[in-house]
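Each remark here refers to the structure printed beneath this line.
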Amino acid sequence: MTLACILGCSGPTLTPDERDFFRDVRPWGFILFRRNVETPEQVRALVDALVETTGRTDVPVLIDQEGGRVQRLRPPHWPKYPPGRAYGRVSANDPLVQRELTRLGARLIAHDLRQLGINVDCLPVLDVPVPGAHDIIGDRAYAEDPYTVSVLGRAAAEGLMAGGVLPVIKHIPGHGRAFADSHEALPTVDTALEELDAWDFQPFKAMSDMPAAMTAHVVYTAIDRKKPATTSKKAVRLIREDLGFGGLLMSDDLSMNALSGGLGERARDALKAGCDVVLHCNGVMAEMQQVAAASSKLKGDAKRRAEAAMARIVRAPEPFDPAEARARFDEAFAGIDAAAGPKVGEA
């Protein structure tokens, strides 16, 4: 049996209790954060230990490796990457060069991750910030217009997949209009559906063929006046039907303060709304136990979408010279403080 959840762990190695727990509940996948990362050798060993607990080989191991302020793997063991916005500003605004560099940056990230056994990156960010919105998205977005976000988002996804890493588009159906950080509070967006469709939804429509997506903990009153997209049947129906997304749909982190109720209630609500799997990130055992107890078996359409997503991971990445690629990448960003960004909470 495989549970429809993705879980974290507390530190750089598995505790005996964590090992026993994961062997017992068999989550679909795992996610790593900075608390889980020390050295390449340590991360490889942790990934192997996590995968071993499931008794499967097709285990998704996720990480948020965007660049800028959302980068779990950092120097000195891993290189820095710029935030998404830097790609939309480099090279005198030449769109072809921007697209090439976005793909190259993601291809380099995929190379870093694959060496560690990490096979899923929660990238690209397809949110389109509007003036005055909370900086939780900010420079993580490739641009402030849906066309550029769509083009560069696809370039990033292509770079990851070419390197054998599965992309997860986020935060569907759009977090760029939120005036609150969903880590801390529940954002409410009162924009008319026609405007959302013409702006916020466009990148997700353009990339509806992607294998996996992460929901937004945001209330869109034009869709559902009470519930955030993660726990709203109406919002999930819109994602499936109006946006045309047919891939694996996972919740954003259940432990974020945008959601209310206990962890088990949050997990049940997200799965009942139509999420295929739920995500819990902080590695707190008592919370994971609640999530696991409330999670259903991965079956039916959800299982089919999960298997289809994992099948998109290429077995042999495209030919690649990482040293040459890194030199070309660094030269393009030379003299640009690409990693600078507002000092706000990580996502």
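Please treat every number below as a calculation from the coordinates, not as lab data. The shown structure was predicted, so the numbers you read here are calculated from the model rather than taken from an experiment. All Cβ positions, glycine included, derive from the backbone under ideal geometry; neighbour counts span all protein chains shown.
State which residue pairs qualify: first residue within 23 Å of residue 283 (Cβ to Cβ) and inside region 235-255, second residue surrounded by fewer than 24 Cβ atoms within 10 Å (Cβ to Cβ) and among the β-branched types (Val, Ile, Thr) in any location, beta carbons under 8 Å apart, and separation of 6 or more residues or different chains.
As it stands, the answer is 255/284, since those pairs meet every condition given.
Would a scan of region 302-314 turn up a residue that is of a type outside the set (Val, Ile, Thr) and over 30 Å from residue 115 (Cβ atoms)?
yes
For region 289-327, enumerate the residues that are surrounded by 12 or more Cβ atoms within 10 Å (Cβ to Cβ), out of contact with any helix residue (DSSP H, G or I) (no Cβ under 7 Å at 6 or more places or on another chain) and assigned to a helix (DSSP H, G or I).
Of everything in region 289-327, those that are surrounded by 12 or more Cβ atoms within 10 Å (Cβ to Cβ), out of contact with any helix residue (DSSP H, G or I) (no Cβ under 7 Å at 6 or more places or on another chain) and assigned to a helix (DSSP H, G or I) turn out to be 289, 302, 303, 304, 305, 306, 307, 308, 309, 310.
Give region 36-57 a look and list any residue that's over 17 Å from residue 19 (Cα atoms), surrounded by 14 or more Cβ atoms within 10 Å (Cβ to Cβ) and not aliphatic (A, V, I, L, M), or say none.
Matches in region 36-57: 38, 40.
Which members of region 75-107 meet the condition of being among the hydrophobic types (A, V, I, L, M, F, W, C), within 22 Å of residue 164 (Cβ to Cβ) and surrounded by fewer than 21 Cβ atoms within 10 Å (Cβ to Cβ)?
Scanning region 75-107 gives 78, 104.
Residues that are on the phi > 0 side of the Ramachandran plot and either in a loop (DSSP other than H, G, I, E, B) or among the aromatic types (Phe, Trp, Tyr) (or both): does region 236-246 have at least one?
yes
Given the conditions (1) under 17 Å from the mean Cα position of the chain (by Cα); (2) buried (at least 21 other Cβ atoms within 10 Å of the Cβ); (3) in contact (Cβ under 8 Å) with a residue 60 or more places away in the chain, report the number of the one that residue 33 does not fulfil.
(2)
When region 187-222 is examined, which residues are found to be in contact with a Pro (Cβ under 9 Å, 6 or more places away or on another chain) and part of a loop (DSSP other than H, G, I, E, B)?
187, 199, 200, 201, 207, 210, 211, 216, 217, 218
How many residues does region 119-143 contain that are among the small types (Gly, Ala, Ser) and touching a Pro at 6+ places or on another chain (Cβ under 8 Å)?
Within region 119-143, residues that are among the small types (Gly, Ala, Ser) and touching a Pro at 6+ places or on another chain (Cβ under 8 Å) number 2.
Determine the pairs where a residue that is basic (Lys, Arg), located within region 205-224, has a partner that is outside any strand (DSSP E or B) with Cβ atoms under 7 Å apart, the partner being 6 or more residues away or on another chain.
Close Cβ pairs satisfying both conditions: 205/243; 205/244.
Restrict the check to region 86-108 and report whether at least one residue is assigned to a loop (DSSP other than H, G, I, E, B) and touching a His at 6+ places or on another chain (Cβ under 7 Å).
For region 86-108, residues assigned to a loop (DSSP other than H, G, I, E, B) and touching a His at 6+ places or on another chain (Cβ under 7 Å): absent.
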